[in-house]
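One structure is given here, and the rest of the page talks about it.
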Amino acid sequence: MKIRFWGVRGSIPCPGPRTAKYGGNGACIELRIGEENRLIIIDAGSGIRELGNHIMANDLPKGPINAKLFLSHTHWDHIMGFPYFVPIYVPGTHLEVNGPVTFEDEPLEDVVGGQMKYRYFPVNVGELASDITYHRLKEESNVDLGGGLIMTTKFLNHPITALGYRFEYNGKVFCTCYDHEPYRNLFITDPDHPDYDEAMAYEGEEVANEQNVAIKEFFKGADLLVHDTQYTRKEYATKIGWGHSYFEHAIEAAVEVGVKRLALFHHDPDRTDDQIDDLALEYCVPDKYGDIEVFFARDRMEIEL
């Protein structure tokens, strides 16, 4: 498996001189599988535009483009690049779009393709020359994608339905866990509060713990884990409930379950290159956490498993 990052930012693209080193594009990851170079794309943030240009230059000359797009969720920063993905305008392209949808009455096609209406965009989705199919995903284990590739999906903790992806191929495991924050007890835990209910408080704590364990089991032993780390611990204290993790949580969880390489991902749009460099000196010190390698993902970074 070969992984290339085309967008590593969260919330909104932030191009400019202060983000040139790590990149300012929104989430998009390219995954290539096996000798046949099967193409899988994870998320369609603004980074998918450059990926599309790369595919046009390197894949199209070899024949029609056939790809699967997996969306972590449908917040705009993860789908906004879709109308600018050039291969969808090319006859012969087949794109399979997969992802979760929060609202039962809105199919994935309307959520993603709905951006391409004349009130928002000059080309209507119905005018595209490519063949696009849509498949709604839920939490599933050991889905056979053919050719020895196995996928598992896991619900994450985000304000709308979001999925993490685990791809297993030829003895290697690649995992994504974003957008996500630690599960927590949502019930009142203060015994002095007038609305305190001991049974509900206990059950809430049990459920949160169970889900946090399930998330770690999901990415246990991964050769590469891409994890949401938009915040520092101090920043997270004022952002609880926003659906994003902090560095310490991601690192501790990955170390606990034997992850080999951890890519810190979904960088805050206000985080400059200099600030990330400073954070790397704190969080990415070799051997600090044992055998695991911890690093900040960068646009155009390539990793082979």
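Bear in mind these aren't lab numbers, they're just calculated from the coordinates by the rules spelled out. Note that this is a predicted model, so its numbers are computed, not measured. Virtual Cβ from ideal backbone geometry, glycine too; neighbours counted across all protein chains shown.
Brief remarks on what is shown
- Comparing mean-square fluctuations of Gly221, Gly204, Gly164 from a GNM of the chain with C-alpha springs under 10 Å, the top value falls on Gly204.
- Scanning the chain for chymotrypsin sites (Phe, Trp or Tyr not before Pro) lying in DSSP loops with no more than 11 further Cβ atoms inside 10 Å, the longest uninterrupted stretch between such sites is 121-305.
- Two-decimal Rg to Rh for segment 14-91 - Kirkwood Rh, Cα set: 0.99
- Förster-model FRET efficiency, 25 Å R0, Asn53 and Lys21, C-beta, rounded to 0.05: 0.75
- Label point 7 Å beyond Cα of Glu96 along Cβ direction - residues of segment 46-77 with amide nitrogen under 16 Å: 65-71
- q = 0.11, 0.14, 0.17, 0.23 Å⁻¹, segment 180-298: log10 I(q)/I(0) [Debye, one scatterer per Cα]: -0.43, -0.65, -0.87, -1.30
- Over 22 Å (Cα to Cα) - which of Lys68/Lys138; Lys234/Lys260; Lys220/Lys288; Lys2/Lys62; Lys154/Lys288; Lys21/Lys220 fall in this group: Lys234/Lys260; Lys154/Lys288; Lys21/Lys220
- Where the alpha-carbon atoms of segment 49-97 are placed on the principal axes, they occupy 33, 19, 15 Å, in descending order.
- Here Thr272, Thr133, Thr74 are placed in order of increasing Cβ neighbour count within 10 Å, fewest first, which gives Thr133, Thr272, Thr74.
- Orientation-averaged projected area, Cα convex hull of the chain (nm²): 17.7 nm²
- Comparing Glu181, Glu140, Glu282 in a Gaussian network model of the chain where C-alpha atoms under 10 Å apart are linked, the largest mean-square fluctuation is found at Glu282.
- Once the C-beta distance of Tyr89 and Asn212 is scaled by a Förster radius of 35 Å, the resulting FRET efficiency is 0.25 to the nearest 0.05.
- The equivalent ellipsoid that matches the C-alpha gyration tensor of segment 166-235 spans semi-axes of 33, 15, 7 angstrom, in descending order.
- Calculated FRET efficiency, Asp277 to Arg300, Cβ-Cβ distance, R0 = 22 Å: about 0.80 to the nearest 0.05.
- For the residues Pro269, Pro64, Pro100, a GNM of the chain with alpha-carbon springs under 10 Å puts the largest fluctuation on Pro64.
- Extending 7 Å from Cα along the Cβ direction at Glu36 and again at Asn142 yields two label points whose distance is 2.3 nm.
- When only Cα pairs below 8 angstrom with a gap of at least 6 residues are kept, the chain shows a relative contact order of 18 percent.
- With the simple spin-label model, which puts each label point 7 Å out from Cα in the Cβ direction, the Thr189 to Lys234 separation comes to 2.3 nm.
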